[in-house]
1. Could you work out Rg/(2.2 N^0.38 Å) for the chain, with Rg from alpha carbons only?
2. For the chain, what is the number of Lys pairs with C-alpha distance below 28 angstrom, counting only pairs 8 or more positions apart or on separate chains?
3. Order 83-95, 235-247 from most to least packed using the mean count of other Cβ atoms within 10 Å.
4. Top to bottom by accessible area (1.4 Å), largest first, where do Thr109, Thr143 land?
5. Considering only the other residues whose Cβ falls under 13 Å of the Cβ of Thr55, what net charge follows from Lys and Arg at +1 and Asp and Glu at -1?
6. Using the Kirkwood radius over Cα pairs, work out the Stokes-Einstein diffusion coefficient for region 317-411 at 4 °C and 1.567 mPa s, in µm²/s as a whole number.
7. If packing is taken as the average number of other Cβ atoms within 10 Å across a peptide's residues, how do 303-314, 156-167, 267-278 rank, most packed first?
8. Using 7 Å Cα-to-Cβ label points, what is the Tyr273/Ile68 separation (nm, one decimal)?
Amino acid sequence: MLEEKLGIKDEKPAITNRIIAFSAGGYILFNYIGWNSLGLDIISRIFLYLFLALTCFFIFVKGRQITISLFSVWYFAFGILGLISSSFAIIDSYAFRAFYDILIAWIVTFAFIQFARSLSIIKLIFSFFSYAGTILIILLLITGDINSGNERLGYKNFNNPNTLGLYLMISLFCILWLLIYGNRKLFLINIIIASGLLYVTALSGGRKYFASPGLFLFILLVLRSAKGKKITFILNIIIFILIILLVIFTIMNIPVLYNLIGSRFESYISFLYGDIAHADGSAIIRSKMIQMGWESYFPGKPFFGYGLDNFRVLFSGIYRDLYAHNNYVEILVDLGLIGLILYYSFYCYLLIVLLRMDNDSTGIRNFFIAFLLTLLVFEWGAVTYSLIQIQILLGLASVYIGFNINNVNNA
């Protein structure tokens, strides 16, 4: 068993892990479906507090050894830099609010790092994210929120379709990984789940959330077949191309999908070709954000920036109070080159170490490589530095690398 090769004790059967797994899984599930409109938001907080309380109990009362991962050190340093930036921020309350979000993400991810003490638990967390998205879709069907209307899905229960898109994208990453590396008996069920998740993601109208799982799947297939037979690699690429062509045909020919996602891709392509008359306002505004951030704001304070979450203060003088919708530009303007280098140095470290590692039968290494490469592209259109779901997966990548480093040191 791989855990034995890495010197990891597989703690899955332990009753303590089952209790923590219940609270962790409950937190992920109700984070997906804990809508204010249904009164379920309080349940999400209860599971979170239970998960954190159990983590503290087993560490401080039962004496469980604390796992100190590189993620915890790195993200803590990033948060401290953000806190320091409040001293020179244009509006310090914005910086404090963003620091609070980072702090919460750090605490929650730290708890997941303590929970993830074996490869089987990492796989279990992937399953939590996969099937939380599935239950979310079922609940949307029950409440009648999935319909053929022209409004992007997600305004009612998430206040923002992009929030729904983010949840579904994470679920798609995990279910696509399960399709390739999971239980073959569940292959058909996972295909149906993946199709449903992709359909509802299309209804949210988020282009990047809809396209990113495709990039993730492509990288995963390349990694899986790169060292295998050449015919297998070619076959995987052909299958991927056929899937993409089918998806494109579907969103361009089914009216409800075309209205919500197909037309948005069309308008974005028009923007890329300079046809502003047929481009949507979202693409134009985001392009302006990038231009102003790079050409106007960044040169003014290139090293330490204007303070965490203060891009919106600068941009409000041109349009309105908005974050940059681009992780690179947001961090560059808020925390300068120091912040940008600090943040993305961790991504580079993870990728370098993962690519140097030998692949394993679990496919976990390939998941994290595909996730990181997809994230580097995805963050050109999203700000993720304080998103809990993203940080949890980064934290798990750090834990996985730690397993392998410990194995080398103990060899």
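1. 0.99
2. Pairs that pass both the separation and distance tests number 22.
3. 83-95, 235-247
4. Thr143, Thr109
5. Working: positive: Lys62, Arg64, Arg117; negative: none.
That works out to +3.
6. 88 µm²/s
7. Working: 303-314: 22.7, 156-167: 20.2, 267-278: 12.2.
The packing order, highest mean first, is 303-314, 156-167, 267-278.
8. According to this spin-label approximation, the distance is 5.7 nm.
The values are calculated or read from the model by the stated rules, or taken from the named source; none is laboratory data. Quick caveat, the model's predicted, so the values are computed rather than measured. Cβ atoms come from the backbone with ideal geometry, glycine included; neighbour counts cover every protein chain shown. For the accessible areas, the whole protein counts, side chains as well, though only heavy atoms, and no ligand, DNA or RNA atoms are used. Shrake-Rupley method; radii C 1.70, N 1.55, O 1.52, S 1.80 Å.
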